[in-house]
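Data block below; observations after.
The values are calculated or read from the model by the stated rules, or taken from the named source; none is laboratory data. In this text, all values refer to a predicted model and were calculated from it rather than measured experimentally. Cβ coordinates were reconstructed from backbone atoms using ideal geometry, including for glycine residues, and neighbour counts include every protein chain displayed. Heavy atoms of the whole protein, side chains included, go into the accessibility calculation; ligands, DNA and RNA do not. Shrake-Rupley method; radii C 1.70, N 1.55, O 1.52, S 1.80 Å.
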Amino acid sequence: QVQLVESGGGLVQPGGSLRLSCAASVSIFIFSNYAMAWYRQAPGKQREWVASITSGSNTNYADSVKGRFTISRDNAKNMVYLQMNSLKPEDTAVYYCNAPGTKWPWGQGTQVTVSS
């Protein structure tokens, strides 16, 4: 059973930065062959896609975070990261990672709160 564990969230002031991490409990071979993505869910809203990274490390971003967020991966450690800079109050949400197109179960997420 795949397990995804997100961490690194917290309370930050507008304009601040956070780095989220996601650990995947699968074999390195499996992890390295899958695209990974970050999603977020704000209170009262549906979960939305934020950024993705292919097995070849090509990246794509939602327009709302483009230029501020950077997704990366370390296949040797089965880790995916999301560097978030210039945070805005509207970035407040629970952030999740997963592999698009799979049925991997969702983790517990990590709360990001941007507030002064």
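Could you list, in sequence order, all residues of segment 1-18 that are of a type in the set (A, V, I, L, M) and in contact with a Leu (Cβ under 8 Å, 6 or more places away or on another chain)?
Listed by number, the residues that qualify are 12, 18.
Of the conditions (1) touching a Leu at 6+ places or on another chain (Cβ under 9 Å); (2) crowded, with 18+ Cβ neighbours inside 10 Å; (3) closer than 23 Å to residue 16 by Cβ; (4) of a type outside the set (Val, Ile, Thr), residue 99 fails just one. Which one is it?
Among (1) touching a Leu at 6+ places or on another chain (Cβ under 9 Å); (2) crowded, with 18+ Cβ neighbours inside 10 Å; (3) closer than 23 Å to residue 16 by Cβ; (4) of a type outside the set (Val, Ile, Thr), the lone unmet condition for residue 99 is (3).
Based on this model, can you work out whether residue 72 counts as in contact (Cβ under 8 Å) with a residue 24 or more places away in the chain and either among the small types (Gly, Ala, Ser) or not in a loop (DSSP other than H, G, I, E, B) (or both)?
no
Of (1) part of a strand (DSSP E or B); (2) of a type outside the set (D, E, K, R); (3) within 13 Å of residue 25 (Cα to Cα); (4) open to solvent by 50 Å² or more (accessible area, probe 1.4 Å), residue 80 satisfies all except one. Which?
Only one criterion in (1) part of a strand (DSSP E or B); (2) of a type outside the set (D, E, K, R); (3) within 13 Å of residue 25 (Cα to Cα); (4) open to solvent by 50 Å² or more (accessible area, probe 1.4 Å) is unmet by residue 80, namely (4).
What do you reckon, is residue 90 of a type in the set (Asp, Glu) and either in contact with a helix residue (DSSP H, G or I) (Cβ under 6 Å, 6 or more places away or on another chain) or surrounded by fewer than 16 Cβ atoms within 10 Å (Cβ to Cβ) (or both)?
Yes: the conditions hold for residue 90.
Collect the residues in segment 26-57 that are among the small types (Gly, Ala, Ser), farther than 16 Å from residue 89 by Cα and loosely packed, with under 13 Cβ neighbours inside 10 Å, keeping them in residue-number order.
The answer is 27, 56, 57.
Exactly one condition in (1) in contact with a helix residue (DSSP H, G or I) (Cβ under 9 Å, 6 or more places away or on another chain); (2) within 20 Å of residue 42 (Cα to Cα) is false for residue 55; which is it?
So the condition that residue 55 fails would be (2).
Give me a count of the residues in segment 58-69 that are closer than 21 Å to residue 15 by Cα and open to solvent by 70 Å² or more (accessible area, probe 1.4 Å).
Summing the residues that are closer than 21 Å to residue 15 by Cα and open to solvent by 70 Å² or more (accessible area, probe 1.4 Å) in segment 58-69 gives 3.
Do you know which of the residues in segment 102-116 that are polar (S, T, N, Q) and open to solvent by less than 70 Å² (accessible area, probe 1.4 Å) is farthest from residue 26 (Cα to Cα)?
115
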